[in-house]
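The values are calculated or read from the model by the stated rules, or taken from the named source; none is laboratory data. In this text, all values refer to a predicted model and were calculated from it rather than measured experimentally. For neighbour counting, all protein chains shown are included, and Cβ atoms are generated from backbone atoms with ideal geometry for every residue, glycine included.
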Amino acid sequence: MRKFPKLNVSVSIILILSILLAACGGEGESSSGNDGDSGDEDGYKVGILFALSGSNALPEEPMHNAALLAIEEINEDGGVLGKPLIPIVEDSESNPAGAAEIAKKVIQQDGVIANIGAYTSSDRQAILPVVEQENNILMYPTLGEGEEYSENIIYVGSVPNQQLEHLPEWLIENYGKKIYLVGNDYIWPVQSNNQFKILWEMAGGEVVGEEYVPMGHGEFSSVISNIREAEPDLIMATTVGDSTPSLYSQHHDAGFDSADMPIVGLTTLEQEYAAMGPEVAEGHISSFSYFMSLDNPANNQFVDAYKAKYGEDELTSGMQHNTYSSVYMLAAAMEKAGEGFTTDDLLEAFKEIEYDSPEGIIKIDEENNYTWLHSRIGKVDSEGQIQVVFEKEGTSRPEPWSELIFPDHDKPWKQ
């Protein structure tokens with residue numbers, strides 16, 4: 001590790017005066033960006049920022065677990081650049097304001113080189129100005145609505161063109177043309193559904209209803225009544241957290257049959273299906289890049305390692321996969337950047353990083369910071385596992401602004 005010489009008194013006074021002047025006259029400038037020699041003698045600190053309490057703990061705690069598993073594996077294999085990764089764990093408490101506060105804390109007080117975390121788009125957008133101002137990094141492992149670009153965020157989750165564009169044709173062919181949209185009332189469900197409606201209508205489908213409920217909402221009786229009246233062939237769920245098992249359970253209790261009117265979930269994955277039970281989950285549809293049932297060496301190793309650490313009954317999902325992969329891609333970028341790397345060095349090193357992940361080969365796009373991922377559709381079996389029923393060949397290029405929907409949109413990463 002490179003050592004800095006001790007400051008003498010006069011230099012110290014000059015430095016203090018410089019800091020005070022910068023605080024008075026340098027509004028908006030970063031004060032804690034990584035300008036080299038990022039690790040200390042103990043290792044490289046990484047922020048792990050997920051909700052471990054509140055309404056989103058159901059999907060986020062397993063993501064937290066996946067991050068710690070990857071860090072443990074990397075450290076057991078010798079660490080990165082000869083040093084271990086040190087997780088700095090914080091709880092956002094399912095609150096965007098809390099997400100921003102813990103991001104500030106781990107950057108300014110703990111000196112992390114990067115952060116892995118955030119589940120909702122609201123959390124991500126709360127953290128975005130923090131990492132930009134501090135010239136730090138957020139690796140965002142959750143799917144998103146796109147329509148955003150930041151040099152300081154590595155977007156590891158899917159965007160609508162990877163998750164939605166192949167979906168309407170398959171759903172219409174297998175179930176019918178009428179769909180009802182139900183989501184939580186925040187950025188990702190609304191914007192994703194706005195894009196999906198265009199794609200659905202382009203495919204010849206009809207949207208027969210659209211409703212949004214508050215975060216953590218668990219009472220869907222009025223929504224179920226409206227669905228019954230509209231008589232759709234399918235329901236699209238863009239709910240998250242505790243709302244998801246509540247919606248599916250009430251769909252089942254209302255006598256709806258997943259064989260005739262399934263729910264299509266964009267964030268309904270293994271943990272959510274387990275929470276509602278296989279008798280409720282069977283027959284419903286998910287669209288994602290990763291499912292626990294994938295049979296390949298990398299996924300078999302991931303599933304086995306996760307169960308060995310957290311328990312044989314534990315499940316792995318796409319969100320955990322993305323989080324686990326985020327840690328490994330961060331480590332690869334650090335190795336590529338080399339000792340004494342800066343934040344800018346690290347961001348440059350992410351370009352074209354490839355990783356043989358549990359879902360298959362994925363890579364960070366060299367221009368837009370989003371990730372090339374696989375596009376799959378799965379159906380829940382009688383044991384609650386999601387089995388692949390459709391898979392697009394190869395990986396899908398990420399389009400933060402779908403070229404099908406926004407053909408003339410500017411590409412901010414080219415400016």
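Exactly one condition in (1) out of contact with any Lys or Arg (no Cβ under 7 Å at 6 or more places or on another chain); (2) touching a residue at least 24 places away in the same chain (Cβ under 8 Å); (3) of a type outside the set (S, T, N, Q) is false for E229; which is it?
(2)
Residue under question is K336, and the condition is that it be in the same structural domain as I361 (by TED's automatic domain parsing), among the basic types (K, R) and within 20 Å of the chain's Cα centre (by Cα); does it hold?
For K336, the condition - in the same structural domain as I361 (by TED's automatic domain parsing), among the basic types (K, R) and within 20 Å of the chain's Cα centre (by Cα) - is not met.
Hey, can you tell me all the residues within the stretch 263-289 that are touching a residue at least 40 places away in the same chain (Cβ under 8 Å) and under 16 Å from V159 (Cα atoms)?
Scanning the stretch 263-289 gives L266, T267, S286, S287, F288, S289.
Go through (1) closer than 17 Å to W188 by Cα; (2) surrounded by fewer than 20 Cβ atoms within 10 Å (Cβ to Cβ); (3) β-branched (V, I, T) and name the single condition T120 misses.
T120 satisfies every listed condition except (2).
What number of residues within the stretch 163-176 are surrounded by fewer than 19 Cβ atoms within 10 Å (Cβ to Cβ) and not in a helix (DSSP H, G or I)?
2
For the subset of the stretch 379-415 comprising residues that are of a type in the set (G, A, S) and either touching a residue at least 24 places away in the same chain (Cβ under 8 Å) or not assigned by TED's automatic domain parsing to the domain that holds P262 (or both), which member is farthest from P278 (Cα to Cα)?
For the stretch 379-415, the residue satisfying everything is S402.
Please indicate, with yes or no, whether at least one residue in the stretch 194-206 is β-branched (V, I, T) and part of a strand (DSSP E or B).
No, that holds for no residue.
Being over 28 Å from Q191 (Cβ atoms) and assigned to a loop (DSSP other than H, G, I, E, B) is the filter here; which residues of the stretch 242-276 pass it?
A254, G255, D257, A259, D260
Considering each of G378, G338, G360, G394 in turn, give the residue that is among the small types (G, A, S) and buried (at least 21 other Cβ atoms within 10 Å of the Cβ).
G378
Residues being assigned to a helix (DSSP H, G or I) and surrounded by fewer than 14 Cβ atoms within 10 Å (Cβ to Cβ): count how many of those fall in the stretch 277-313.
Result for the stretch 277-313: 6.
Which condition breaks for N184 when tested against (1) within 16 Å of N368 (Cα to Cα); (2) in contact with a His (Cβ under 8 Å, 6 or more places away or on another chain)?
Among (1) within 16 Å of N368 (Cα to Cα); (2) in contact with a His (Cβ under 8 Å, 6 or more places away or on another chain), N184 violates only (1).
Being assigned to a loop (DSSP other than H, G, I, E, B) and over 23 Å from N65 (Cβ atoms) narrows it down to one of S150, S94, so name that one.
None of the others qualify; the one that does is S150.
Quick check on my filter: what residues within the stretch 341-366 are assigned to a loop (DSSP other than H, G, I, E, B), modelled with pLDDT of 95 or more and within 28 Å of I107 (Cβ to Cβ)?
Correct list: F341, T342, F350, D365.
Would the stretch 38-45 turn up any residue that is closer than 17 Å to T342 by Cα, touching a Gly at 6+ places or on another chain (Cβ under 8 Å) and either modelled with pLDDT under 95 or outside the structural domain of K104 (by TED's automatic domain parsing) (or both)?
yes
Need the failing condition index for I263 against (1) farther than 24 Å from N161 by Cβ; (2) of a type in the set (V, I, T); (3) more than 21 Å from the chain's Cα centre (by Cα), just the number.
Condition not satisfied by I263: (1).
So, in the stretch 397-415, exactly how many residues are under 21 Å from S326 (Cβ atoms) and surrounded by fewer than 19 Cβ atoms within 10 Å (Cβ to Cβ)?
Adding up the residues that qualify gives 2.
Looking at the stretch 114-143 only, could you name the residues that are part of a helix (DSSP H, G or I), over 18 Å from E60 (Cα atoms) and of a type in the set (A, V, I, L, M)?
Those that are part of a helix (DSSP H, G or I), over 18 Å from E60 (Cα atoms) and of a type in the set (A, V, I, L, M): L128, V130, V131.
Considering the stretch 260-275 alone, what residues qualify as being more than 13 Å from L171 (Cα to Cα) and either buried (at least 24 other Cβ atoms within 10 Å of the Cβ) or not assigned by TED's automatic domain parsing to the domain that holds Q191 (or both)? Quick ask: steps written out before the conclusion?
Filtering the stretch 260-275 down to residues more than 13 Å from L171 (Cα to Cα) leaves 266-275.
Scanning the stretch 260-275 gives L266, T267, T268, L269, E270, E272, Y273.
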